[in-house]
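Everything on this sheet refers to the single structure shown next.
Derivation of every value follows stated rules applied to the coordinates shown; laboratory data play no part. Quantities reported herein were computed from a predicted structural model and do not represent experimental measurements. Don't worry about glycine lacking a Cβ; one is built from the backbone with ideal geometry, like all the others, and counts go over all protein chains shown.
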Amino acid sequence: MMDAFDRFGLLINDRVVRTPVAIASMAGIVDADYVLERADHIGLAFIGGYSIDAPTIEAAKVVASAGDRNEFICEDPVAELKAQLAKMATSTVIPGISLRGTTPEAFRAVARALGTAAVYEIDAHCRQPAMMAAGCGEAYLKKTGSLAEVVRALKSEGVTVSVKIRAGVADDDRILAELLWRAGADILHIDLMDYGTAKLRQIRNTCPLMLIANNSITSFDRMKDMLSHGADMVSLARQSDIRTLSGLDAAITRFADEEGWYNAPKQLCRGGDIRSLAFCCMPVKECPLIPALARIGLSHEAYVSLKRKSVEGTPLNEGPQTCFGSLAWCCKTSSPCMFRDMTIKQVGLSKKEYMRLKRDLSDTITGQIFNDRSSDNCC
Ligand SMILES: Cc1cc2nc3c(=O)[nH]c(=O)nc-3n(C[C@H](O)[C@H](O)[C@H](O)COP(=O)(O)O)c2cc1C
Ligand code: SF4
Ligand code: SF4
């Protein structure tokens, strides 16, 4: 029986994430009690949103007074958050707090008071007119420099930072993702609205942040679609009932135990993201690999050398009878191939272990690409 880290390889806040299923915040609804009722089926939960300064507390009162929406209204948000986090202290669920604030100082003050036990999520998503008029929520997506300032303020307190965005609001989500990565964010939590997997893949190709995909992910098919296009986790809000969460948790656990890489990308030529370079051949013919390498800025020689070096000393270095002389260039197990399967058998791997090694290879390749990019000039 695998443990959760072997199965999913996910760490947040130096803690193992039990399952890649999260609860997304719903103001006035998702608090510690809500999370604890569902704790057996999730790995991460964002309580809130909580308003943390005078302008946002006033805005929350305006929203609540309209009568069609609940809000958590507290005059002392730090005390309230402390009490909520204390309730979750012994749970296996990693706690996140969704915060609405108008200045970097407001966020920094909360982090200073509460410390590193929670993930701090900046709500750059709320589109209630009163919140946006106060300058927070979705308003941050139109002043991304200020959003990056908030990230930097939180990071200066040493906490883990998530940014919740709505896709398609900022001028360019790819530029935004890169900006947030360079500002120090750890997680990008994306409400994909109607944009789907193409948007997710673009963001995956732009930054190495942990990605949580959100919006209407209520079936395992939809969850798998998100995971195979770049998501590390998925989150649910409106349908975060025990039946749906437990179904997704059980299905992804079974899938990971059978397949070995729970969020393996599609092959590049089938719409895969940057991680699928782990399954690509040598650049010897006209195929989607060629423009992909050009977009990444990786020469053919550098790509070949990176893959060769990354598999040195591992079983993926074996396979003289495969197309390109080693398993480093071989396809996913979902594409039938007797030469690959013969090699896998000869070196004593199961198909699942082969996929796990491909996951390690993908981590090394993308780690190197983003490491090189991080030393480029900031956008
Ligand atoms: C009643 C309600 C309150 C919400 N409050 C927040 C909030 O405070 N902060 C936030 O980032 N998102 C908030 N959301 C958005 C959800 O977290 C989520 O992004 C959205 O509902 C789409 O996901 P779903 O299809 O799983 O519901 C709220 C959604 C609902 C329905
Ligand atoms: S290198 Fe192979 S797997 Fe990659 S895009 Fe080209 S044909 Fe597809
Ligand atoms: S040997 Fe099979 S799996 Fe490997 S590259 Fe060739 S076709 Fe793909």
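Some points to look at:
- Two-site FRET efficiency, E58 against T92, from Cβ-Cβ distance with R₀ of 35 Å, rounded to 0.05: 0.45
- Rounded if a/c under 1.5, otherwise prolate or oblate - the stretch 42-85, Cα gyration tensor axes: oblate
- Max mean-square fluctuation residue, GNM over the chain, Cα-Cα springs under 10 Å, options G137, G145, G348: G348
- Peptides 79-91, 231-243, 54-66 ordered by average Cβ neighbours within 10 Å, highest first: 231-243, 54-66, 79-91
- 0 to 90° range, to nearest 10: angle between helix 144-155 axis and the chain longest Cα axis: 90 degrees
- Evaluating 6.51 cos²θ - 1.76 cosθ + 1.60 at θ = phi - 60° for every residue in the stretch 301-309, the Karplus couplings come out as 5, 5, 5, 4, 5, 4, 5, 4, 4 Hz, glycine and proline recorded as x.
- Projecting the Cα atoms of I296, T343, F279 onto the dipole axis of the stretch 247-361, where Lys and Arg carry +1 and Asp and Glu carry -1 at the beta carbon, places I296 farthest toward the positive end.
- Calculated FRET efficiency, R308 to D33, Cβ-Cβ distance, R0 = 56 Å: about 0.55 to the nearest 0.05.
- Footprinting exposure proxy for M193, M355 (fewest neighbouring C-beta atoms within 10 Å first): M193, M355
- Stokes-Einstein diffusion coefficient of the chain, Kirkwood radius over Cα pairs, 4 °C, 1.567 mPa s, in µm²/s: 60 µm²/s
- Dipole magnitude of the stretch 232-379 about its Cα centre (Cβ charges: Lys, Arg +1; Asp, Glu -1), debye to nearest 20: 300 debye
- Pairwise centroid distance, computed over Cα atoms, of the stretch 280-349 with the stretch 212-263, Å: 28 Å
- Amide H contacts of V119: G96, I97, each under 5 Å away and 5 or more positions distant or on a separate chain (H built 1.01 Å from N in the peptide plane; Pro and chain starts excluded).
- Rounded to the nearest 20, the size of the Cβ-charge dipole of the chain about its Cα centre is 1040 debye, with Lys and Arg at +1 and Asp and Glu at -1.
- Protection proxy ranking, peptides 30-36, 119-125, average beta carbon neighbours within 10 Å, highest first: 119-125, 30-36
- Values of log10 I(q)/I(0), in the order q = 0.19 Å⁻¹, for the stretch 257-331 under a Debye, Cα-only, solvent-free model: -0.84
- Degrees, to the nearest 10: 351-374 long Cα axis against longest axis of the chain: 70 degrees
- Mean separation of Cα contacts under 8 Å, 6 or more apart, over the residue count of the chain: relative contact order %: 13 percent
- Close amide H partners of V30, meaning residues 5 or more places away or on another chain with modelled amide H under 5 Å apart, are G48.
- Fully extended contour minus Cα-Cα distance, from E353 to S156, at 0.36 nm per residue: 67.0 nm
- D14/D241 FRET efficiency (R0 45 Å; Cβ-Cβ; nearest 0.05): 0.90
- Rounded to the nearest 20 debye, dipole of the stretch 1-78 from Cβ charges on Lys, Arg, Asp, Glu: 300 debye
- Relative to the current alpha-carbon distance between F324 and K142, full extension at 0.36 nm per residue lengthens the span by 60.7 nm.
- Unit charges at the beta carbon, dipole of the chain: most positive-side option, S326, M131, M2: S326
- Order of I42, I29 under a 10 Å beta carbon neighbour criterion, fewest first: I29, I42
- Shape category assigned to the stretch 314-371 from the gyration tensor of Cα positions, a/c cut at 1.5: prolate
- Positive-end residue of G101, A54, L36, charge dipole of the stretch 1-153 with Cβ unit charges: G101
- Sequence-distant lysines (8 or more away, or on other chains) whose Cα lies within less than 23 Å of K142: K155, K164, K199
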